[in-house]
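Worksheet: the structure to be examined is printed underneath.
The values are calculated or read from the model by the stated rules, or taken from the named source; none is laboratory data. These numbers come from a predicted model, not from an experiment. Glycine also receives a Cβ, built like all others from the backbone with ideal geometry; neighbour counts cover every protein chain displayed.
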Amino acid sequence: MDITNSVALVTGANGGLGQYYVQALRSQGAAKIYAGARNPEALESLVTNHPELVIPIALDITDEQSVHQAAMQCQDVTLLINNAGVGFNQGLIATPDLSHARMEIEVNYFGTLMMCRAFAPVLKQNGGGAIVNMVSMVARVNLPFNGSYSASKAAALSLTQGVRAELAAQKTLVIAVLPATIDIGMGKSYPNPKVSPEEVVSDALQAVVDGTEEVYPGEQAKQMAAQLLCDPKALEKAVAMMLPSSNQ
């Protein structure tokens, strides 16, 4: 599909990659951009320069009523970008309790799933459109010092595949975006190499145009994907050295 004249909804638009998605959609000619955030006031800087194009909406993807209300409000959406997510750099055994792991699953898996379910009929009535799910390379190989986040993203990748299969008949393209370390947010503290947020967003939107179901932005992600094809156990053992601090 073409980004030009599309009507997009970006979750988590107030921070992280969200603002980059809004900016890229605007520059590529989207007709309307719904910017979702728990607190719409946090979107003020995005809306100020283009109030006729960027429309802030209150959206908590972990709240079923909030998601339903967004779907009712945004009946013209043709491109859903599930960008909202959380991560806490927690191990699976080393973490003192499961509160952060539960939140990662609640947002990264259940929140993404609720958005897909709510907007599937909207996309169908508008010709099919596309769903872009921000996943991660750690969905395919667990990074132990961020183990519970990795597990939540593995669940998100699996749901992406299942949603893709279920929505194929209505011609909805469902894309998994799997970058490695992004030079933003919690990725700032990670060692190089990193991929820029601009490159991640550019590759994701190009996947929409090209009809590509999986995209690996950045050289690090591409190399890891290639390693998974030729020697997945070797890659698992390599990243297994990156333990939570209490395990080292």
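Within segment 65-88, the residues that satisfy the criterion of being in contact with a helix residue (DSSP H, G or I) (Cβ under 6 Å, 6 or more places away or on another chain) and aliphatic (A, V, I, L, M) are 67, 71, 77, 80, 81, 86.
Residues are listed down the side, and each one gets a yes or a no for (1) among the aliphatic types (A, V, I, L, M); (2) in contact with a Ser or Thr (Cβ under 6 Å, 6 or more places away or on another chain); (3) more than 25 Å from residue 101 (Cβ to Cβ):
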site: 7; (1), (2), (3): yes, yes, yes
site: 38; (1), (2), (3): no, no, no
site: 56; (1), (2), (3): no, no, yes
site: 84; (1), (2), (3): yes, yes, no
site: 89; (1), (2), (3): no, no, no
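Taking segment 1-18 as the range and being closer than 18 Å to residue 44 by Cβ and touching a Pro at 6+ places or on another chain (Cβ under 9 Å) as the test, the residues that pass are 13, 14, 16. Scanning segment 117-129 finds no residues that are in contact with a helix residue (DSSP H, G or I) (Cβ under 6 Å, 6 or more places away or on another chain), crowded, with 21+ Cβ neighbours inside 10 Å and either modelled with pLDDT under 95 or closer than 30 Å to residue 89 by Cα (or both).
Of the helices (runs of 4 or more DSSP H) that lie entirely inside segment 147-248, those containing 1 or more residues that are in contact with a helix residue (DSSP H, G or I) (Cβ under 9 Å, 6 or more places away or on another chain), closer than 26 Å to residue 3 by Cα and acidic (Asp, Glu) span 147-167, 197-210. Looking at segment 133-150, which of its residues are touching a Leu at 6+ places or on another chain (Cβ under 7 Å) and aliphatic (A, V, I, L, M)? Residues satisfying the conditions are 134, 135, 137, 139, 141. Out of all the residues in segment 172-181, is one or more surrounded by fewer than 20 Cβ atoms within 10 Å (Cβ to Cβ), touching a residue at least 40 places away in the same chain (Cβ under 8 Å) and out of contact with any Ser or Thr (no Cβ under 7 Å at 6 or more places or on another chain)? No, the conditions are met nowhere in segment 172-181. Scanning segment 1-16 for residues that are closer than 21 Å to residue 87 by Cβ and either at pLDDT 95 or above or of a type in the set (Gly, Ala, Ser) (or both) gives 10, 11, 12, 13, 15, 16. What pairs come out if I take residues in segment 223-241 that are farther than 17 Å from residue 91 by Cα and pair them with residues that are aromatic (Phe, Trp, Tyr) whose C-beta lies under 7 Å away, six or more apart or interchain? Hits for this filter: 225/216.
Take the conditions at negative phi, touching a strand residue (DSSP E or B) at 6+ places or on another chain (Cβ under 8 Å) and surrounded by fewer than 22 Cβ atoms within 10 Å (Cβ to Cβ) and apply them to residue 86. Does it pass? No, not satisfied.
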